[in-house]
Amino acid sequence: MKSFIFLAALGFGVSAVAEEALQFQAELNQKQAYQLYEYLNVPARPEPDGRRLVKRTDNVECAKTSFYPGDFEYSCSVSLSVDEAGKLVP
């Protein structure tokens, strides 16, 4: 639930799809992606091309892409599933 509260606090648009469990997916804008990238308490791992640093958790993947020194683009995708009782599904 902490993830939901954080996402709601930042005002992320989240869409729900009904299946066995509710699935929430969101693509974030630059400001939201930057905030979530900085919030994640996991190490950033460089990709082989050396331009991207990626932070991954079970439900979130954020990337910081460098185009030139000091010029970065942030992107994040969030995917959460909730069962009928409202508990997160791994």
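No value in this document is a laboratory result; all are computed from the given coordinates. All values reported here derive from a predicted model rather than from experimental measurement. Every residue, glycine as well, gets a Cβ built from its backbone with ideal geometry; the counts of neighbours run over all protein chains shown.
Side notes on the structure shown:
- Under 14 Å, Cβ to Cβ, from residue 46 - net charge with Lys/Arg +1 and Asp/Glu -1: +4
- Positive contributions from Lys and Arg (+1) and negative ones from Asp and Glu (-1), summed over other residues with Cβ under 13 Å from the Cβ of residue 56, come out at +1.
- Fully extending the segment from residue 87 to residue 61 would add 7.3 nm, taking 0.36 nm per residue of separation and subtracting the current Cα-Cα distance.
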